[in-house]
1. Just give me the residues in the stretch 26-43 being part of a loop (DSSP other than H, G, I, E, B) and modelled with pLDDT of 75 or more, in sequence order.
2. Going by the structure shown, is Val22 at pLDDT 70 or above and over 22 Å from the mean Cα position of the chain (by Cα)?
Amino acid sequence: MEMKPFLVAGVALALLIGVAAVFLASGDPDGLESTALFVQNEKSITGPSPEDGDAEAIGEGTFEYEAPMPDYGLGEVFGKPGEVVAVLVGTLVALLLVFGVGKAITTTKH
């Protein structure tokens, strides 16, 4: 069985889902940032959080990270098209990494 059409269809489907997610996703922050703040002891499960701007909830330490495409976009200047580009680039980078690792593993086995 030829795998190329299956592979192309899978990549196209992944990109389509990624682009659709930009327009269908909730505007509210996801749990990933909240969980990261909890793990770093910057927020508790109950009560106000740093996202609420509560200085007491922020505490003495700070939790900062620099993302290459923060909030899955290219900034407010680009808006939704920037989010689409960020999703496409992120999906393609992830796929290339997976294919590269897979290729490295299969070439070392033979």
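The values are calculated or read from the model by the stated rules, or taken from the named source; none is laboratory data. Predicted model only: the values in this text are computed from it and were never measured.
1. From the stretch 26-43, those part of a loop (DSSP other than H, G, I, E, B) are 26-30, 40-43; that's our starting set.
Result: Gln40, Asn41.
2. It is false that Val22 is at pLDDT 70 or above and over 22 Å from the mean Cα position of the chain (by Cα).
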